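No lab work stands behind these numbers, since they all come straight from the coordinates. Computed from a prediction, not measured in an experiment: that's the story for all the values here. Neighbour counts are summed over all protein chains in view; Cβ atoms, including those assigned to glycine, are modelled from backbone coordinates with ideal geometry.
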């Protein structure tokens, strides 16, 4: 009886271990599926002039042509009727093939130059990165 109990415990351990390994592999595959989405939202200082803000919009949009790691770039002005934007007015969405591409973008000289342009005009910035899970 003891022998069969040991076998049963061992088999249970193996099944649980294999299940954990399989779910870990599945989670890793899910993590790497899709594109890496980099969402950025700006809240400009009240002192930022309309021409300065227009210059930021143009400069940010221009990064897509200057930084090859950017797969796509979209932007727009907040128009949500919910009133939850907390005075953030601009939304930007960039996509990348990989976390490494995003990381290379973040340290790219053109991105650094852009940061120097926009930084003094911002009251706040909000960034969220996530893997797009759309099949």
Point-to-point label distance, residue 86-residue 129, nm (Cα→Cβ direction, 7 Å offset): 2.0 nm
Viscosity 1.567 mPa s, 4 °C: Kirkwood-radius Stokes-Einstein D of region 34-131 over Cα pairs, µm²/s: 93 µm²/s
Additional length obtainable on full extension of the chain from residue 122 to residue 103, 0.36 nm per residue less Cα span: 4.6 nm
